[in-house]
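Take a look at the structure set out below.
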Protein chains: 4
Amino acid sequence: MSASQNTITALLSGTDQPGLVAKMSGWIFERGGNIIHADQHRDMEAEIFFQRIEWTPAEPQDDFQAEVDAFQEFTSGLNMKVDCKLSSKKSRVAVFVSRYDHCLHELILGQRSGELSCEIDCVISNHPDMAEAAEQYGVPFIHVSVTPDTKNQAEKQQLEILKDRNIDVVVMARYMQILSPEFLQAFGKPVINIHHSFLPAFAGGKPYHQAHQRGVKLIGATAHYATAVLDDGPIIQQDVERVSHRHTVEDLVVRGRMLERRVLAQALRWHLENRVLVYGRKTVVFD
Amino acid sequence: MSASQNTITALLSGTDQPGLVAKMSGWIFERGGNIIHADQHRDMEAEIFFQRIEWTPAEPQDDFQAEVDAFQEFTSGLNMKVDCKLSSKKSRVAVFVSRYDHCLHELILGQRSGELSCEIDCVISNHPDMAEAAEQYGVPFIHVSVTPDTKNQAEKQQLEILKDRNIDVVVMARYMQILSPEFLQAFGKPVINIHHSFLPAFAGGKPYHQAHQRGVKLIGATAHYATAVLDDGPIIQQDVERVSHRHTVEDLVVRGRMLERRVLAQALRWHLENRVLVYGRKTVVFD
Amino acid sequence: MSASQNTITALLSGTDQPGLVAKMSGWIFERGGNIIHADQHRDMEAEIFFQRIEWTPAEPQDDFQAEVDAFQEFTSGLNMKVDCKLSSKKSRVAVFVSRYDHCLHELILGQRSGELSCEIDCVISNHPDMAEAAEQYGVPFIHVSVTPDTKNQAEKQQLEILKDRNIDVVVMARYMQILSPEFLQAFGKPVINIHHSFLPAFAGGKPYHQAHQRGVKLIGATAHYATAVLDDGPIIQQDVERVSHRHTVEDLVVRGRMLERRVLAQALRWHLENRVLVYGRKTVVFD
Amino acid sequence: MSASQNTITALLSGTDQPGLVAKMSGWIFERGGNIIHADQHRDMEAEIFFQRIEWTPAEPQDDFQAEVDAFQEFTSGLNMKVDCKLSSKKSRVAVFVSRYDHCLHELILGQRSGELSCEIDCVISNHPDMAEAAEQYGVPFIHVSVTPDTKNQAEKQQLEILKDRNIDVVVMARYMQILSPEFLQAFGKPVINIHHSFLPAFAGGKPYHQAHQRGVKLIGATAHYATAVLDDGPIIQQDVERVSHRHTVEDLVVRGRMLERRVLAQALRWHLENRVLVYGRKTVVFD
């Protein structure tokens, strides 16, 4: 977690086979690298092996790309899926927003304070409302209007922006549009979303009103990777807040917002530190 | 909360009307009583007023029943629903169990340590498994076998036991049978139940397996009053535990059990202290 | 908590005497007022009575000051200390900062989003660093340099600013100077401070380093009213975050900052809603 | 965590050196073992390497002792300190108690329900009070009276009992005597203790009274390994409970007890699963 040293962080997964840990660490050792963190996990039922390794290659240099390429070749020889990240190369984030600004501020301030190690490259919105907030921070604001008729067109425009700006990850910071399966497919990179969660769950509209009528004692929020099925993607982080009969529906909404921004920022943080490995419908989070 | 003083605790609810607090406290004041705790709540939408008052009547005596009767007459004149409890009179609890014993032990130990101010009068079970555990504590164990064919008959038998033993509240401590609406109606007193809760909720069987497959980061438990609709009664208490990919399904189950016993004991505690007021589908908990 | 209705919120305390609740609510009732929330507490040992009442006076008007004056006269006749707040009149807050900006941003964003119902009137700092941040939000920034030699003079200058700007409450948002007892006395209004807390406590410098060396599993933060004795004032709110051996000292510091801003904002929120009553070395928080 | 498979769990620590992960996992691989879990940590400042590995040796057999011996020889050749545990061999626990029984019940029930994988061999107490409770569970109760004059003699007697009964770990379940440095030295095996923790800390007697007077909003508990310096040993687990002005001193004590038993059981659980590695004044907990 130290910023002072350039490292490579690899996330690996694949069918378990004897000696994987030995082979992986042996490869790094033989090339003179030094393992700083390593965490393994094995799904006992599915017999899948997961690993996160962070290491400093032998000869510090500005660009470890050659080392990464070699490692990827090596691991693909072992039939392992691998995702490498250089600590020196910050992920480029596009924040999608609509009219709520609480998550946007949290992300930008988290980036500024060093909690979120990334570049917040731009804010993309279907409403012009947050232009001033973004520009106040010096972050470019791009308005892409979305209506039922123009949604396809709007998503194409968004995809072009993401491509042009070389975006690595999209964060839906209370973006009130559903991204189509085609968009997610075409983008091909992670999209992180946040939504409220309740125990029990409430189908239909106005969930905070339903939760209030039902007298729940906890409200929750879930950050997950967006998939083609709405709110059903692999969960990265969840948390809850305690509420009581003293809280009005409005109070629940305010508390829900505070919770959402905290959970979303935490999820993005883990993602940026290459701690989250997706498999099937779930994640391994090497926290 | 002091045990050293005999008090009356009243839970009141009814349509809000001007001067309710003044009238209630005025009545106690005029009769020389001393209010120790008072907590009001007003549902702004439904315009319902709720109050919990705990007071010591003027002349300490063993039996405050006359004072309670007078207060009930007074409040019914105000069209308020009232439920009074004397600190000197402990509620008689029947614990319904099946084969899991974690909640049973928690309740009995809580009663012994003074956390739960009640008498645990008996343990009623559809299986003989827990006879020894109950008797070890000196608590009578009553086996009432339940099969699909004999359910009606079994519930009648249970109701007779509850009536004969003068039971005030039933706690379903992982009792794996559904109590019929007819049973609940005939018993006419509170029945507290505990069940696991997840975000998101999982329909169908084996919820812990589903939660594990979905990679949830939190598991929860909800204690509520049993109603005719399964697991839909007014919620008393909820809590969650953090879990991770490192936990097997079995680990989730173990953590879930620890959570269930904590949440159930807390809910019963509030109930015994007359802190829980039910209205509509929810509760006001004066904690 | 509804913004749509003008209310008066009174915090009362004094030696307990029979009939206080009845008298207080009777007074409001007789004048046609409508009690929205009321919460009492009685310190059983000290025999002190505490109450928070929120009500809407009979005839809604822009200025309830006459009603407040009458209530204050009435309660002083009962030897009760009273502090009234009009929902229509927002508290004027001065934020004291040094070089850390996390708490400042949290407060300003909380105010903007409606979580903190107040006016953030100005930012006062002993360093020029945060001028840009404050002005970005349109909040006046005032630099008052403080050195050991000029501290007395600086405090005088600060007091004049607070007086000129009619400030109701000072929030020390990681202001790294100790406010002298004379300053606190002369200001005569609440000053809220935030500091980190550990279990066990660590005397001496670099507490995060000590906590890291000791391998604590929790770090904490405490928000309190500033008093003449450093970090010893009445506690408003406390919270903790879980940490592990995986966290470096820097990680602890980052987590500590996230915790501090959450706890400070929560404490200010309760203060602004007139929920915090100080007595002796502690608080009653009617949450 | 699966009970169905016999495994070896090793906790390793030592000066970091290139290739440790590779060597360790290579050794297991070459002998046909299968790594189920592996977790590494590196203290960046102290340059110490820590590892927990759990594996199934090649040919399942009742007794893996030969494999353990070989592994220990191998790792000592690498100058690593190692501690191995066979899943088939349960730790023998002696519970030290005085007059509070909440922790004792929690431990015994935890053992019975499978949460604590150990044998609770005996209860040792300086008071006769808990004889019945222990014997109710069929656990031998041994009374060793302790007075200031007889403390040395009593500790000798306790040590003999621990030796005779082949005890692996002592749990101080609210044992109200301080074990002398000589006792700890002579026993030479882990002793786990629990104590309450507050923010801020309170020196002197009656900490709950002090905490109540100070109006703390959180109370805490810390489980740690006992060392010669009182309450200063390496921390295993800590947790807190929220309290308010509504709680009396007695309420704090009751909540503190609930917290203590939970934290102590959790700490013992991690210890029994060989997840806790002590170094210097702190622990690495591979949870």
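Quick grid of which residues meet (1) in the same structural domain as D:GLU119 (by TED's automatic domain parsing); (2) in contact with a strand residue (DSSP E or B) (Cβ under 6 Å, 6 or more places away or on another chain); (3) of a type outside the set (S, T, N, Q):
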position: D:ILE28; (1), (2), (3): no, yes, yes
position: D:ALA58; (1), (2), (3): no, no, yes
position: D:THR75; (1), (2), (3): no, yes, no
position: D:ASN79; (1), (2), (3): no, yes, no
position: D:PHE96; (1), (2), (3): yes, yes, yes
Would a scan of region C:152-159 turn up a residue that is more than 21 Å from C:THR227 (Cα to Cα) and without any contact (Cβ under 8 Å) to a residue 60 or more places away in the chain? no
Can you tell me which of C:VAL263, C:VAL254 is modelled with pLDDT of 90 or more and hydrophobic (A, V, I, L, M, F, W, C)? C:VAL263
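Let's see how each residue does on (1) modelled with pLDDT under 90; (2) in a strand (DSSP E or B):
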residue: D:PHE50; (1), (2): no, yes
residue: D:ASP63; (1), (2): yes, no
residue: D:GLU67; (1), (2): no, no
residue: D:ALA70; (1), (2): no, no
residue: D:LYS85; (1), (2): no, yes
residue: D:VAL95; (1), (2): no, yes
Looking at B:GLN213, B:GLN136, B:GLN157, B:GLN153 in this structure, which one is within 14 Å of chain A (Cβ to nearest Cβ) and either open to solvent by 40 Å² or more (accessible area, probe 1.4 Å) or of a type in the set (Asp, Glu) (or both)? B:GLN213
For region D:257-287, give me each residue that is open to solvent by less than 20 Å² (accessible area, probe 1.4 Å), at the interface with chain C (Cβ under 10 Å from one of its Cβ atoms) and in a loop (DSSP other than H, G, I, E, B). D:PHE286
In region A:9-26, anything under 16 Å from A:ALA70 (Cβ atoms) and open to solvent by less than 30 Å² (accessible area, probe 1.4 Å) is listed as A:THR9, A:ALA10, A:LEU12, A:MET24, A:SER25, A:GLY26
For region C:229-240, does any single residue satisfy the condition of being more than 9 Å from every other protein chain (Cβ to nearest Cβ) and open to solvent by 50 Å² or more (accessible area, probe 1.4 Å)? yes
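Matching residues to (1) modelled with pLDDT of 95 or more; (2) assigned to a helix (DSSP H, G or I); (3) more than 16 Å from A:ARG261 (Cα to Cα):
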| residue | (1), (2), (3) |
| --- | --- |
| A:SER88 | no, no, yes |
| A:TYR100 | no, no, no |
| A:GLY110 | no, yes, no |
| A:HIS127 | yes, no, yes |
| A:GLU135 | no, yes, yes |
Would you confirm, using the coordinates I've provided, whether A:ARG262 is within 20 Å of A:MET172 (Cβ to Cβ), of a type in the set (D, E, K, R), in the same structural domain as A:ILE178 (by TED's automatic domain parsing) and under 11 Å from the mean Cα position of the chain (by Cα)? no
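Let's see how each residue does on (1) surrounded by 15 or more Cβ atoms within 10 Å (Cβ to Cβ); (2) in contact with a helix residue (DSSP H, G or I) (Cβ under 6 Å, 6 or more places away or on another chain); (3) within 14 Å of chain A (Cβ to nearest Cβ):
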{"position": "D:HIS37", "(1), (2), (3)": "yes, no, yes"}
{"position": "D:VAL68", "(1), (2), (3)": "yes, no, no"}
{"position": "D:PHE74", "(1), (2), (3)": "yes, yes, yes"}
{"position": "D:LYS90", "(1), (2), (3)": "yes, no, no"}
{"position": "D:GLU115", "(1), (2), (3)": "yes, yes, no"}
{"position": "D:CYS118", "(1), (2), (3)": "yes, yes, no"}
If we keep only residues of region D:216-228 that are under 16 Å from D:VAL170 (Cα atoms) and among the hydrophobic types (A, V, I, L, M, F, W, C), then the residue most open to solvent (accessible area, probe 1.4 Å) is D:ALA228
Which residue out of D:ILE28, D:ILE35 is without any contact (Cβ under 8 Å) to a residue 60 or more places away in the chain, in contact with a Gly (Cβ under 9 Å, 6 or more places away or on another chain) and not in a helix (DSSP H, G or I)? D:ILE35
Got at least one residue in region C:45-63 being within 16 Å of C:SER25 (Cα to Cα) and small (Gly, Ala, Ser)? yes
Taking region B:167-180, which residues are crowded, with 23+ Cβ neighbours inside 10 Å and outside any strand (DSSP E or B)? B:ALA173, B:TYR175
Name the pairs: first residue in region D:177-194 and farther than 21 Å from D:GLN153 by Cβ and in contact (Cβ under 8 Å) with a residue 12 or more places away in the chain, second residue among the charged types (D, E, K, R) and assigned to a helix (DSSP H, G or I), Cβ to Cβ under 8 Å, at least 6 apart or on different chains? D:ILE194/D:GLU260
Do you know which residues across region A:140-165 are closer than 15 Å to A:PHE96 by Cα and in a loop (DSSP other than H, G, I, E, B)? A:PRO140, A:VAL144, A:SER145, A:VAL146, A:ARG165
Just name the residue that is nearest to D:THR283 (Cα to Cα) out of those in region D:181-208 that are open to solvent by less than 20 Å² (accessible area, probe 1.4 Å) and over 16 Å from the mean Cα position of the chain (by Cα). D:SER197
Filtered residues of region D:241-256 (kept if assigned to a strand (DSSP E or B) and at the interface with another protein chain (Cβ under 10 Å from one of its Cβ atoms)): D:ARG242
Whether any residue in region D:58-79 is closer than 30 Å to C:THR248 by Cβ, in contact with a Ser or Thr (Cβ under 7 Å, 6 or more places away or on another chain) and not acidic (Asp, Glu) is what I want to check. yes
Under the condition of being in contact with a Gly (Cβ under 9 Å, 6 or more places away or on another chain) and not aliphatic (A, V, I, L, M), which residue from region C:5-25 is farthest from C:LYS89 (Cα to Cα)? C:PRO18
Hey, can you tell me all the residues within region C:1-24 that are more than 20 Å from C:ASP287 (Cα to Cα) and at the interface with another protein chain (Cβ under 9 Å from one of its Cβ atoms)? C:ASP16, C:PRO18, C:GLY19, C:LEU20, C:ALA22, C:LYS23, C:MET24
Selection from region A:140-180 of residues that are within 21 Å of the chain's Cα centre (by Cα) and of a type in the set (Ser, Thr, Tyr): A:TYR175, A:SER180
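The values are calculated or read from the model by the stated rules, or taken from the named source; none is laboratory data. From a predicted model like this one, the values you see are computed outputs, not experimental measurements. Methodologically, a virtual Cβ is constructed for each residue, glycine included, from the backbone with ideal geometry; neighbour enumeration extends over all protein chains shown. Heavy atoms of the whole protein, side chains included, go into the accessibility calculation; ligands, DNA and RNA do not. Shrake-Rupley method; radii C 1.70, N 1.55, O 1.52, S 1.80 Å.
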